[in-house]
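Asker: The structure is given below, and queries will be raised subsequently.
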Amino acid sequence: MNIKTKTTILFTATLISGIIIGAVGAIQVQKYVTNKRIETLRQQNRFIDRMERAIRPAPPHRKELRQLLKQFHSDVQELSRQFREQIKSRSDSLLQSAKPLLNEKQYRRLERMLRRKPPWMITKRKPGQPKPQKKKERY
C-alpha cells in the first residue's frame, strides 16, 4: 500500500469513530437531561417552585396558585401510582398466561424483562448511602 491509501484509510477510520463517539455522547446527554427533568418534577416543592418561577404570578394570586399547583401535583402523583399498579397487574397476568407456553429459561427471561425498571428509575446509590447534593438548576 502506498502512503496515500494508508492516509485515506486512517482519515476515514478517524472520521467514522468520531461520528460514532459523537452520536453516543449526544444520546447520553439527552438521557441525562430528560432524567433530570423527570426527577425534578416528581418532587412537589421543586415542581411548585419551578412553575412559580416560570409563571411569575402577581403577589395577591401567589398563595391561591400555589394551592392549585399542589393539588395538581398530588393528582398527577396519584394517577402515576394507579398507572404503576395497573402495569404491575397486567404484567402479573401476562406472566400467569404465558407460563404454560414457556420453558423455565424463557419464563425467567420474560419475568426479568417485565420487572426491569426504566432507566430514569434506576439509582446508582447503594442502600443506606445519602442522596448526593444537587446543583441548583438554571432556568
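Just so it is clear, none of the values below were taken in a lab; they were calculated from the coordinates. Just so we're clear, the structure is a prediction, and the values are computed from it rather than from any experiment.
Asker: Can you grab the distance from the C-alpha centre of the stretch 1-65 to the C-alpha centre of the stretch 67-87, Å, no decimals?
Answerer: Each part reduced to its Cα centre gives a spacing of 26 Å.
Asker: Which shape class applies to the stretch 6-121: rounded if a/c is under 1.5, otherwise prolate when a/b exceeds b/c and oblate if not, where a ≥ b ≥ c are the square roots of the Cα gyration tensor eigenvalues? Display every interim value, and only then the final one.
Answerer: Numbers: a/c = 5.92, a/b = 1.19, b/c = 4.97.
Here the stretch 6-121 falls in the oblate category.
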